[in-house]
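In what follows, a structure is listed as structure tokens, so that the remarks can point back to it.
The values are calculated or read from the model by the stated rules, or taken from the named source; none is laboratory data. On a predicted model such as this, the values are computed, not experimentally measured, just so you know. Ideal geometry is used to build each Cβ from the backbone, glycine not excepted, and the neighbour counts take in all protein chains shown. Keep in mind that these areas ignore ligands, DNA and RNA; they rest on the heavy atoms of the full protein, side chains included. Shrake-Rupley method; radii C 1.70, N 1.55, O 1.52, S 1.80 Å.
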Amino acid sequence: SSSSSSSSSSSFVRSRPDDCLGRGSPSAAAGRATVGWGTLPPPDVRGGSFFPTSPLGLKGRLGPLRATDDPSDDVVAALTKSNGEDGDSSSSAEGSLVDAAAYDEKEKEKEKVSDFERLSGLFVAFKDMAVPYYQESKSGRWLFAGMVGLTLLNSGVSVAFSYVGKDFWNALSSKNAEEFYPMLAKYAAALVVGMPVAVLYKFQKDKLANAWREWLTDRTFQLYQSNRVYYALERGQEIDNPDQRISEDVRSFTAFSLSLFITVVTSIIDLFSFSFILYSIQPNLFVAIVAYAAFGTIVTTLLGRKLVGLNFEKLQREADFRYSLVRIRDNAESIAFYAGEDIEGREVTTRLEGVIDTKGKIIVAERDVDFFTTSYRYFIQILPVWVVAPQFFSGAIQLGVVSQSVGAFNHILNDLSVIVNQFEQLSVFSAAVDRLSQFMEAIREADEGRTSEDGLLKLPPNETEAAEAEAEAEAEARLSDGTAPPSEVDAAGLPSKIELIQMAPLAEWGSPLAAEGSSSVDRPLLALRNVTLSTPDRKRTLIHDLDLTLREGENLLIVGPSGAGKSSLLRAVAGLWTAGDGSLERPSDGDVYFLPQRPYCALGSLRDQLLYPSLDDIDPDDYPEGHRLGRAHLLRQSLTDDDLLGVLESVDLGELASRSGDGDKYAGLDAVLDWSNTLSLGEQQRLAFGRVLVNRPRLLILDEATSALDMVAEAKMYGLLREMAKKDFNGSGGLSRPGLTYVSVGHRPSLLVYHDTRLRLMGEEGYETSPIEKSNADTLPTSAVANL
């Protein structure tokens with residue numbers, strides 16, 4: 001089952017029934033005011049005033065009420081691992097708890113910003129997130145044009161019904177049967193014509209909203225994945241519940257944006273059309289409606305200020321409550337081992353009480369607002385009749401004109417009373433815009449490939465091989481000149497970072513290598529130059545001035561006491577931790593593979609587990625319009641089902657395919673199971689070695705990747721790596737595929753047999769490197785390994 005925290009907002013949804021023809025329906029023309037808004041977005045409101053919310057760009061949040069780490073089979077190890085290398089405290093659970101005093105202080109700062117500034121910032125954010133779809137998507141522009149055309153047609157139907165309804169009621173009030181029945185036929189014909197317009201109008205709007213949501217969700221997810229932004233945001237915990245923002249907030253934004261646009265367009269058309277009708281009947285009625293709408297808007301805004309902050313708090317507490325339930329589902333076995341139901345239940349109950357308490361406050365606030373808005377809507381049923389009644393009693397106008405004036409009055413009042421009628425919905429929408437824009441801004445700031453001048457939805461530039469080679473050459477030249485500043489702060493005054501230099505990717509196997517000299521033994525495969533590594537919060541320095549060069553075929557074992565920074569160094573090699581100084585050169589991402597102690601099992605089939613993270617093919621039709629396809633993880637070799645079954649045999653998982661396919665090993669390759677819970681940790685680690693055989697990287701990094709295996713199984717896995725270390729040559733004598741080089745972190749003495757060099761990290765005492773004496777280790781039989 002998926003471990004993602006899905007967000008549901010069904011408890012927040014309110015809807016108003018649409019007339020069959022929206023605002024222009026016969027019932028509206030007859031005097032019943034109706035406003036159709038459909039399904040509303042989930043509430044998420046920040047700020048202390050009417051719907052413009054916190055100033056965009058101002059950081060700070062009500063942190064998620066959640067623990068930093070999740071318990072694994074070894075809870076203590078999992079907690080320390082998640083915070084760094086064996087206890088490297090890079091982040092604290094304190095940042096994930098709600099600091100009420102700090103939150104109140106931020107709310108006071110928000111109140112200093114005027115409503116106009118907030119509204120202006122909200123509009124800019126809305127434009128930055130709404131316009132790109134229609135600029136980039138041709139189909140989106142056609143759908144939008146169709147929706148605008150049907151909106152205009154629907155408004156025209158509304159005006160037509162106003163005049164048809166007037167003649168219908170005039171004929172009825174005069175008891176003229178000869179006029180009434182023809183008008184009844186016209187009315188029925190108008191209904192037949194108006195019905196498909198109303199249906200197609202809603203269909204086009206929903207179709208556009210669905211297409212827009214697909215595009216915006218895909219674009220947001222691409223930005224979230226770009227340059228491992230998701231990892232940076234999770235480490236910093238600057239943004240709460242990113243899954244909810246991608247799924248629910250995007251849906252809310254697209255759906256309500258279209259409803260808001262249609263409302264504005266329809267209101268403008270109605271305002272011009274029905275103002276002429278109303279003014280021609282009774283000028284005083286036109287003046288009364290403007291004054292009445294202004295009064296209602298001001299009073300509703302004042303009464304509803306409290307609702308905005310409460311709605312944001314409600315969404316935050318709902319998300320935290322859901323997260324506590326998801327944690328129990330994802331860690332059910334660990335909780336069951338500890339019998340921790342009581343403490344988990346206490347946490348869930350505490351968060352539930354917060355949800356209920358906040359909802360109670362909202363109910364009270366909504367009651368106060370509803371007292372006024374309900375009275376406001378009730379009174380409009382008699383106000384227009386009251387104004388035109390003297391003319392009707394004097395015989396100056398007929399009943400049909402009264403009906404037409406009431407319909408026109410309601411249309412215009414609805415146009416001018418959007419804030420009164422939809423106050424809660426507008427505040428919810430503003431919060432969705434605010435939350436989504438904050439998320440987009442955080443993504444942009446965390447992406448090293450983008451600048452603050454880039455649009456919120458602009459993808460980072462593609463880096464071609466030529467650009468990578470040029471950047472590599474410039475970095476090498478700078479290092480050789482000694483111009484790279486080895487200080488705590490760079491030239492721009494920002495905290496220094498470890499410079500990651502990636503080599504050019506290898507060409508397709510079977511052809512000459514991409515870069516000249518890339519196969520030369522003189523070229524290092526992994527080079528760390530004066531690397532000083534700190535925890536991401538820069539509160540602790542783990543490694544000082546590490547110089548290390550690893551050449552192709554030279555396998556390294558990293559050892560050291562707990563907390564020395566072994567796993568943290570691997571994170572730096574991966575480019576995940578960059579706080580520190582110096583430079584690190586390694587092959588490109590597509591040529592490096594990492595094996596953690598607990599392998600990740602993706603959602604999908606057994607075939608997907610073996611290929612991960614590679615794909616055997618990419619079909620552009622599988623992605624939304626505008627999706628940028630990456631080919632860094634396309635398989636370099638074609639593998640048949642028999643090849644994959646052979647890989648499983650090589651890692652002692654030959655029975656897994658048959659077991660998964662109920663006896664059919666080929667069907668088992670496509671079986672979709674919850675692999676994290678189906679396979680033991682030892683089986684998952686052997687499956688991870690199978691992935692190495694499939695992906696065939698150039699550099700392999702192992703972080704205690706055989707900790708759950710016995711020594712015989714460990715020897716077999718490293719035997720597979722040694723076999724991969726042999727270079728393959730093509731018929732002409734040129735290098736077709738380089739050999740594998742691997743770096744391991746581990747504590748077992750048996751690992752010495754499979755490595756050439758040892759790096760011992762000693763914390764504050766520095767480090768030391770030494771060659772490993774092989775003696776007769778290379779000829780040691782597998783059966784003897786267990787006795788080491």
Seminar exercise, completed: Mean accessible area per residue over segment 149-237 (1.4 angstrom probe, all protein chains present, square angstrom) is 53 Å²
Problem set entry | Summed residue charge, Cβ within 12 Å of LEU644's Cβ, Lys/Arg positive, Asp/Glu negative | -4
Exercise. Ignoring ligands and nucleic acids, what accessible area does ARG760 show with a 1.4 Å probe (Å², nearest 10)?
Worked result: 80 Å²
Exercise. Ordering TRP215, TRP169 by how much accessible area each has at a 1.4 Å probe, largest first, what is the list?
Worked result: TRP169, TRP215
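Probe radius 1.4 Å, ligands and nucleic acids left out: which of ASP674, ASP270 has the largest accessible area, and how do the rest follow? It would help to have the intermediate numbers written out before the result.
Values: ASP674 50, ASP270 0 Å².
Correct descending sequence by accessible area is ASP674, ASP270.
What's the carbon and sulfur percent of segment 369-412's accessible surface, probe 1.4 angstrom, rounded to a whole number?
Details: 1490 of 2090 Å².
Exposed carbon and sulfur together represent 72 percent of the surface.
In this model, which of LYS665/LYS716; LYS306/LYS361; LYS127/LYS205; LYS138/LYS458; LYS539/LYS566; LYS202/LYS458 are farther than 21 Å apart at the alpha-carbon? Working shown, then result.
On the way: LYS665/LYS716 23 Å; LYS306/LYS361 10 Å; LYS127/LYS205 19 Å; LYS138/LYS458 17 Å; LYS539/LYS566 17 Å; LYS202/LYS458 31 Å.
In this structure, LYS665/LYS716; LYS202/LYS458 lie more than 21 Å apart at Cα.
Roughly how big is segment 284-380's charge dipole about its Cα centre, with Cβ charges of +1 (Lys, Arg) and -1 (Asp, Glu), in debye to the nearest 20? Mind dumping the intermediate values first?
On the way: 13 positive and 14 negative charges, 112 e Å.
Around 540 debye, computed over segment 284-380.
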Exercise. Ordered by packing density, taken as the mean number of other Cβ atoms within 10 Å over each peptide's residues, highest first, how do 750-757, 350-357 rank?
Worked result: 750-757, 350-357
For this session: Could you list which residues have their amide H under 5 Å from that of PHE594, counting only those 5 or more apart in sequence or on another chain, with H placed in the peptide plane?
Result: ILE701
Seminar exercise, completed: Amide H neighbours of LEU542 at under 5 Å, excluding residues fewer than 5 places away on the same chain, with H built from the backbone geometry, are LEU533, SER534, THR535
For this session: Determine ³J(HN,Hα), in whole Hz, for all residues of segment 169-186 in sequence, where each value follows from phi through the Karplus function 6.51 cos²θ - 1.76 cosθ + 1.60 and θ = phi - 60°; x replaces Gly and Pro.
Result: 6, 4, 5, 5, 5, 7, 6, 9, 5, 5, 8, 5, 5, x, 5, 4, 5, 4
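Could you order the peptides 656-663, 257-264 from most to least packed, using the average number of other C-beta atoms within 10 Å per residue?
Details: 656-663: 17.1, 257-264: 18.6.
Taking the mean over residues of other Cβ atoms within 10 Å, the ranking is 257-264, 656-663.
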Problem set entry | Local electrostatic count, VAL592, Cβ distance below 11 Å [Lys/Arg +1, Asp/Glu -1] | 0
Exercise. Quick one: Cα centre-to-centre distance for segment 267-322 and segment 541-565, in angstrom?
Worked result: 65 Å
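With all protein chains present and a 1.4 Å probe, how do MET183, MET711 order by accessible area, largest first? It would help to have the intermediate numbers written out before the result.
Numbers: MET183 25, MET711 50 Å².
So the residues, ranked largest to smallest area, are MET711, MET183.
Relative contact order for segment 187-288: what percent, with Cα pairs under 8 Å and sequence separation of 6 or more?
Values: 25 pairs, mean separation 28.8, N = 102.
About 28 percent, as a whole number.
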Exercise. Packing-wise, with mean Cβ within 10 Å as the measure, how do 337-345, 153-161, 447-455 rank, highest first?
Worked result: 153-161, 447-455, 337-345
